[in-house]
Amino acid sequence: MAINAANNAANNDQALIDFTCALVRLPSVLGDENHVAEHVSREMRRLIFDHVEIDDVGNAVGVIRGLQEGPAILLDAHMDTVDVIPEDAWTRNPFGGELVGDRIYGRGSSDMKGALAAMVYAAAGLERSALAGSVIISASVGEESVEGAALRGVMERYEPDFVVIGEASGLDLVRAGRGRAEFTIETIGKPAHASNPEQGVNAVHRMAGVIGEIEKIPMLEDPFVGRGVMCLTDIVSVPYPAHSVVPSGCRATYERRLLPGEVRETMEAQLLEACARADAPDTVVRLATTDYRTYTGRRWNEPKWFSPWEVPESHALVQRGLRGLRGAGLDPRLVSYQFCTNGAHSAGVAGVPTIGFGPSTEQHAHVVDEFLEVDQLLSARDGYAGIISTLLDGAAS
Ligand SMILES: [Zn+2]
């Protein structure tokens, strides 16, 4: 197929809907993204992307080069989804990819195979002679476990000037995102027979004191990004189960949602001070670590710290992004992501200007009977095309 024919094929609404349904029909629960990666790369080749690869961690990456020189823009959508639990609560086949009325049903339709399909079609549908620069589409792995890790290698290889995260934004433009961190707290006690508990030190009682103090840590509120969160997510005593013994250890996990400006040292210091106030000597506070294996066998062992990020409203990327979306007939507001995304790496760590834009809303992610409205899908494609053509406007340079 010639490039012109590929442009035409990509500008066909029904073809985009069919591609989205096909992606939903390929299960890609976290760690099993291979079939989607193969299908996406096949479609990119069919639509005459200039370069297509499946990289070492399993991302499917495609590049379209404009006929003129210019910046590189990276659009990212993760292929992995959360699991389908409880499956019997679904009234639709989670992997049916059914189009019912104006909705595409299935796991990953909103989070975020629709966005992935829309960006592939948006990039392929543009006239290359009008593009000054290149478009990189990253269909990435592992986001539901380790935000940003998959994107790191793509960014090192392609060195984009701008990044667009395709997570659901309700077709609004995102210029900030909350970060995420996971801390473990371990209290130490002294074992004793449960018939004489006064001879020991109960590590669970110590943890109860620590929890009480942690609950008192004030959470900040950011007028744009929302509120910081500290959430106790699990707790286990040692030994477990205990048979007539005063527990000598207790471990609790806290998940923290982070606001722009919140840094690791301060977060750790807050927890240590809470432990000190609780009079729980020898308590250990640690940033948790991941141990994740991609379907290609690559391992990610790293701290669970996913940075918050913010790009000022006056930044050229935000302003040009707004212009591109308005040019596509949309009416975007400026908003922030409440959930953590791959922007934690692109903006939060790599410091590359990043915005978010995608179909559907955060409330449609991870739910039973997940669906995506076809209108949102088609508007997202137009929005991506608008952003790309505004950023790579050959006529303006
Ligand atoms: Zn997502």
Ile235 meets each of (1) touching a residue at least 24 places away in the same chain (Cβ under 8 Å); (2) over 27 Å from the mean Cα position of the chain (by Cα) with one exception, condition (2)
Of the conditions (1) crowded, with 24+ Cβ neighbours inside 10 Å; (2) away from the ligand (no atom under 16 Å from the Cβ), Ala130 fails just one. Which one is it? (1)
If a residue has to be within 16 Å of the ligand (Cβ to nearest atom) and either assigned to a loop (DSSP other than H, G, I, E, B) or more than 24 Å from the chain's Cα centre (by Cα) (or both) to count, how many in segment 65-93 make the cut? 5
Looking only at segment 292-324, filter to residues that are charged (D, E, K, R) and modelled with pLDDT of 95 or more; which one of those is surrounded by the most Cβ atoms within 10 Å (Cβ to Cβ)? Glu310
Going by the structure shown, is Val24 touching a residue at least 40 places away in the same chain (Cβ under 8 Å) and closer than 22 Å to Asp382 by Cβ? yes
Take residues that are over 22 Å from Arg286 (Cβ atoms) and away from the ligand (no atom under 16 Å from the Cβ) and tell me which of the strands (runs of 3 or more DSSP E) falling wholly in segment 153-232 contain 1 or more. 162-165, 173-177
Could you grab me the full set of residues in segment 317-342 that are part of a loop (DSSP other than H, G, I, E, B) and within 16 Å of the ligand (Cβ to nearest atom)? Gln338, Phe339, Cys340, Thr341, Asn342
Can you name the residue in segment 362-377 that is within 13 Å of the ligand (Cβ to nearest atom) and assigned to a loop (DSSP other than H, G, I, E, B) and, of all such residues, is modelled with the highest pLDDT? Glu370
Can you confirm whether segment 10-21 contains a residue that is in contact (Cβ under 8 Å) with a residue 40 or more places away in the chain, assigned to a loop (DSSP other than H, G, I, E, B) and surrounded by fewer than 23 Cβ atoms within 10 Å (Cβ to Cβ)? yes
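The values are calculated or read from the model by the stated rules, or taken from the named source; none is laboratory data. Bear in mind that the values here come from a model prediction, so they are computed numbers and not experimental data. Neighbour counts are summed over all protein chains in view; Cβ atoms, including those assigned to glycine, are modelled from backbone coordinates with ideal geometry.
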